[in-house]
Amino acid sequence: MNYLKKILVIFLVLVPISNSFGGTLTHVQTVDFDDGDQNQNNLIAGIEFNKDGTKLFTSSANKTNPGLIMEFNLSTPYDISSRSYAGDGERCTMTEVVKTVYDLEFNHDGTKLFVNTRDATAGADKDKLFRYDLTTPYDVSTCQFAQQTTDLDSGDNINNSAAGNFTNDPGHRHIRLQGFEFNNTGTKLFLSWFENGSTVKLLEYTLSTPYDITSLQLVTTAGIDVGSSTVANVGNSAGIRFSANGKRIFIISHQQGNIQGISQISLTNAFDTSSFVMDGKFNLSTASPQNLQPRGVAFNSSGLKLYIGNDHNHNSVDQIMEYDLACPFTIFAATCPPITEISD
């Protein structure tokens, strides 16, 4: 890193940026995302990029049948204002998905695509994860159904962890799967569940076969209660994302009273929720500009840009809001890493 870059990094770390987020986030732009048919692509729920930031993918919480993953091309990497809809022929059409789609995720090389669904009605096996295999990396039009979970919302999979038990019985309509994330090798899976909006638990699972979602096993010694009674203050949880090194996790609160926002939790060990510190939460409903319907969340590869979906906040058109961060994968100034730990 040359002299000017060193000066710039030191400046960013030591000099607070003046904005409504207390010196760590700066709103850059808000961009409408529309494929021309809002009956197909509204209530933007999940956001993900390919590795070089030239493609952006979204899932929709609109109750369409089948489920769809939309693809947008970015002429400038990670600049969402340069997006163009790739076309209906470039979508992943998921005929197996007949419920509301929420979060989405790729594996490390873009050859596997995952989505989760949930159902607001009572009964067993209402919450599911689906895996689709891609014959061409990050080309979602080549998606082929591979597997889905069974009885993911059973008591054995959601209770008796370090996060504590849910109040209602498994299969209750208020216990819903809203977000998920893998570790970097696909041997761990993290699911966010909410009950009645204010009770939210982040649970950790191991996969005996990497990215085989049918092989998951609840880790009873891990898991975090991140509900509205905690510092994380998560309500009606939505998308979740890890930092690149697995030592931070971010959870979106969609809409519950006046607590729409993004929460940050720091982990003692990478991808291990048995030991953690809750750093806190930014309230997006009091920010400028507001985000009153956040769901999806994503970062660029360096962690210096944050993207949060915003469904139907502006003239019934879905949006993605882009922010610059003063430090990688950090939304609080007090949690910026030491200057010696920040590389190019």
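The values are calculated or read from the model by the stated rules, or taken from the named source; none is laboratory data. Every value quoted in this text rests on a predicted model; they were computed, and no experiment measured them. FYI the Cβ positions are ideal-geometry reconstructions off the backbone, even for glycines, and counts take in every protein chain you see. Calculation scope for accessible area: heavy atoms of the full protein, side chains included, ligands and nucleic acids excluded. Shrake-Rupley method; radii C 1.70, N 1.55, O 1.52, S 1.80 Å.
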task = Would you mind checking the radius of gyration and Dmax of the chain based on alpha-carbon positions, in Å?
result = 18.9, 61
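So what's the net charge close to residue 239: Lys and Arg +1, Asp and Glu -1, counting the other residues with Cβ under 11 Å from its Cβ?
Working: positive: 241, 295; negative: 48, 103, 105, 181.
Taking every Cβ under 11 Å from that of residue 239, the sum is -2.
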query = If all Cα-Cα distances of the stretch 39-196 are sorted into 10 Å bins from 0 onward, what percent lands in each bin, rounded to whole numbers?
reply = 11, 39, 33, 14, 3
query = Remind me, relative contact order of the chain in percent, using alpha carbon pairs under 8 angstrom and six or more residues apart?
reply = 16
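So, with a 1.4 angstrom probe, what is the percent of accessible area on the chain that is carbon and sulfur?
On the way: 6480 of 13250 Å².
It is 49 percent, rounded to a whole number.
Kindly provide the helix-only [θ] at 222 nm of the chain, computed as the sum of -39,500 (n - 2.57) over DSSP H runs of four or more divided by all residues, to the nearest 500 deg cm²/dmol?
Working: 2 runs with 16 residues, N = 344.
The per-residue figure over the chain is -1000 deg cm²/dmol.
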query = Residues of the stretch 148-262: accessible area per residue at 1.4 Å, in Å²?
reply = 33
message = Mean-square fluctuation check for the chain, GNM, Cα pairs under 10 Å: which of 304, 56, 25 is largest?
response = 304
Residue with peak Gaussian network fluctuation, the chain [Cα springs, cutoff 10 Å], from 232, 222, 124 = 124
query = Per q in 0.12, 0.13, 0.28 1/Å, what log10 I(q)/I(0) does a Debye calculation on the alpha-carbon atoms of the stretch 39-99 return?
reply = -0.28, -0.33, -1.17
inquiry  = Solvent-accessible area of residue 312, probe 1.4 Å, all protein chains present, reported in Å² to the nearest ten, please.
reply    = 70
task = With 23 Å as the limit, write out which pairs from 99/305; 201/247; 51/305; 247/281; 55/247 have Cα-Cα distances beyond it, or answer none.
result = 99/305; 55/247
inquiry  = Could you report the accessible area of residue 318 in Å², rounded to 10, computed with a 1.4 Å probe on the protein chains as they sit in the structure?
reply    = 0
note = Of the convex hull enclosing the alpha-carbon atoms of the stretch 155-291, the direction-averaged projected area in nm² is 8.0
query = Which value, in Å² and to the nearest 10, is the accessible area of residue 176 when all protein chains are kept and the probe is 1.4 Å?
reply = 30
